[in-house]
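J.: Quick one: this structure, given as structure tokens, is what I'll be asking you about.
The values are calculated or read from the model by the stated rules, or taken from the named source; none is laboratory data. Just so it is clear, the structure is predicted and the values come from calculations on it, not from any experiment. FYI the Cβ positions are ideal-geometry reconstructions off the backbone, even for glycines, and counts take in every protein chain you see. What goes into the accessible areas is simple: the full protein's heavy atoms, side chains included, and nothing from ligands, DNA or RNA. Shrake-Rupley method; radii C 1.70, N 1.55, O 1.52, S 1.80 Å.
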Amino acid sequence: MLSYQHAFHAGNHADVVKHLCWMGVLNSLKKKDKPFTLYDSHAGAGTYNLKDDMSAKNQEFLTGISALANVTPSADLLREYLALCNTFMSESCYPGSPAISVAEKRSDDVLHLMELHPAEHSKLEQNIKALRVKNVRLHKRDGYEGLRALTPPKPNRGAILIDPPYERASEYNDVLKGVKDVFKRWQQAQIVVWYPLLSARAGAKHGASEKMLEQLTELGRPCFKAEICIAENEHDAGMYGSGVLVINPPWQLDQQLSCALLEAVEHMGPLASTNLTWLNKDA
Ligand SMILES: C[S@@+](CC[C@H](N)C(=O)[O-])C[C@H]1O[C@@H](n2cnc3c(N)ncnc32)[C@H](O)[C@@H]1O
């Protein structure tokens, strides 16, 4: 049932948009001295060796993080993201969302990492233990069940990353339900939902992200979406891009992320483009 392994995709264009956004959320939480709590509902293995067989198979990182390797960025958020990635890339690795959270959080900030796949969980355990950081809790459990059990945090500031594999068409509804469940108990949660943009070849999943975005927008919370596309949306393109929906976004994240994405896509191929659109601004 759980067959997805993120190592095949580590460092690709989807990771770039997702991780830039997540770093922007973390930066803004760190502006206050008060501790915060982070939840990564679908954590993956934590870090990825880009030379291992899985990552090396399709080398998806070549059109993602590797395309940015020689960039001297002017956007602050892109500079910070690349500086962190470069520390991993110097050892042919890429930081997954858990490694980014671990690197960015302060010692009193709490990080919950949930990963259901037993093999991915044990890699996560190994990778995170090696980083020796306080206040990181690993959970081998369903991410949505974990969010229900572990939110709201005390004190009640923090953010959630929801990054499912979307292998099954039903996962789009799982996200919607998961977000609704969080808001029943934690109104202030800042939530980042990653989603794929799939061409008609995807069959039942074609258009599913767009429908999910509409349903999440109807929850009435302030939210914007930010996307990177690296190909035209032609029938056979497959995943031609992806995006993040940010619900209850921190102040000015839209501007910081937009600057970073505009600069990044300049280096990601002739068809690369980006957009950031508010879906509910005055909610
Ligand atoms: C896209 S990957 C996560 C990548 C990671 N967030 C990052 O950015 O580095 C999705 C992960 O979710 C895991 N997964 C799938 N269904 C899950 C569930 N219901 N609860 C927790 N983890 C799940 C998969 O095993 C996979 O490792």
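J.: Can we say residue 149 is open to solvent by 10 Å² or more (accessible area, probe 1.4 Å), free of Cβ contacts under 8 Å to residues at least 12 places away in the same chain and either in a helix (DSSP H, G or I) or within 16 Å of the ligand (Cβ to nearest atom) (or both)?
T.: Working: open to solvent by 10 Å² or more (accessible area, probe 1.4 Å): yes; free of Cβ contacts under 8 Å to residues at least 12 places away in the same chain: yes; either in a helix (DSSP H, G or I) or within 16 Å of the ligand (Cβ to nearest atom) (or both): yes.
In short, yes.
J.: A further question follows. Quick one: residue 2 ticks every box in (1) loosely packed, with under 14 Cβ neighbours inside 10 Å; (2) part of a loop (DSSP other than H, G, I, E, B); (3) of a type outside the set (Ser, Thr, Tyr); (4) more than 15 Å from the ligand (Cβ to nearest atom) bar one, so which box is it?
T.: The one condition residue 2 does not meet is (4).
J.: Given (1) buried (at least 23 other Cβ atoms within 10 Å of the Cβ); (2) more than 9 Å from the ligand (Cβ to nearest atom), where does residue 169 come up short, assuming only one miss?
T.: Residue 169 satisfies all of (1) buried (at least 23 other Cβ atoms within 10 Å of the Cβ); (2) more than 9 Å from the ligand (Cβ to nearest atom) except (1).
J.: Can you tell me how many residues in segment 250-283 are surrounded by fewer than 19 Cβ atoms within 10 Å (Cβ to Cβ) and closer than 19 Å to residue 25 by Cα?
T.: Residues meeting the conditions: 15.
J.: So, of the residues in segment 23-47 that are of a type outside the set (D, E, K, R) and near the ligand (Cβ under 8 Å from one of its atoms), which turns out to be most open to solvent (accessible area, probe 1.4 Å)? Break it down stepwise before answering.
T.: We begin by selecting, within segment 23-47, every residue of a type outside the set (D, E, K, R); these are 23-29, 35-39, 41-47.
Those still in the list that are near the ligand (Cβ under 8 Å from one of its atoms) too: 41-46.
Details: 41: 4, 42: 40, 43: 6, 44: 11, 45: 3, 46: 0 Å².
Only one residue fits best here, namely 42.
J.: Can you confirm whether segment 94-112 contains a residue that is among the basic types (Lys, Arg), more than 12 Å from the ligand (Cβ to nearest atom) and either over 19 Å from residue 23 (Cβ atoms) or part of a helix (DSSP H, G or I) (or both)?
T.: First, pick out the residues of segment 94-112 that are among the basic types (Lys, Arg): 105-106.
Then drop every residue that is not more than 12 Å from the ligand (Cβ to nearest atom), which leaves 105-106.
Okay, now just the ones that are also either over 19 Å from residue 23 (Cβ atoms) or part of a helix (DSSP H, G or I) (or both), so none.
No, because not a single residue in segment 94-112 is among the basic types (Lys, Arg), more than 12 Å from the ligand (Cβ to nearest atom) and either over 19 Å from residue 23 (Cβ atoms) or part of a helix (DSSP H, G or I) (or both).
J.: When you go through 66, 55, 74 one by one, which is the residue that is hydroxyl-bearing (Ser, Thr, Tyr), away from the ligand (no atom under 12 Å from the Cβ) and in a loop (DSSP other than H, G, I, E, B)?
T.: On the way: 66 fails: in a loop (DSSP other than H, G, I, E, B); 55 fails: in a loop (DSSP other than H, G, I, E, B).
The unique qualifying residue is 74.
J.: Among 230, 162, 247, which is crowded, with 21+ Cβ neighbours inside 10 Å, of a type outside the set (Ser, Thr, Tyr) and within 16 Å of the ligand (Cβ to nearest atom)? Lay out the reasoning, then the answer.
T.: Values: 230 fails: within 16 Å of the ligand (Cβ to nearest atom); 247 fails: within 16 Å of the ligand (Cβ to nearest atom).
Checking each option against the conditions leaves just 162.
J.: If I filter segment 80-93 down to residues being outside any helix (DSSP H, G or I) and closer than 15 Å to residue 55 by Cα, which single residue comes out as most open to solvent (accessible area, probe 1.4 Å)?
T.: This residue is 91.
J.: Quick one: would you say residue 117 is touching a Lys or Arg at 6+ places or on another chain (Cβ under 7 Å), within 12 Å of the ligand (Cβ to nearest atom) and within 23 Å of residue 38 (Cα to Cα)? Step through it out loud before you land on a result.
T.: Working: touching a Lys or Arg at 6+ places or on another chain (Cβ under 7 Å): no; within 12 Å of the ligand (Cβ to nearest atom): yes; within 23 Å of residue 38 (Cα to Cα): yes.
For residue 117, the condition - touching a Lys or Arg at 6+ places or on another chain (Cβ under 7 Å), within 12 Å of the ligand (Cβ to nearest atom) and within 23 Å of residue 38 (Cα to Cα) - is not met.
J.: Looking at (1) more than 21 Å from residue 40 (Cα to Cα); (2) surrounded by 12 or more Cβ atoms within 10 Å (Cβ to Cβ); (3) modelled with pLDDT of 95 or more, which is the one condition that is false for residue 202?
T.: (3) is the only condition that residue 202 fails.
J.: Tally up the residues in segment 179-219 that are more than 16 Å from residue 244 (Cα to Cα) and in a helix (DSSP H, G or I), please. Please lay out each step first, then the result.
T.: First, pick out the residues of segment 179-219 that are more than 16 Å from residue 244 (Cα to Cα): 180-188, 199-206, 218-219.
Then drop every residue that is not in a helix (DSSP H, G or I), which leaves 180-185, 200-205.
Selection size over segment 179-219: 12.
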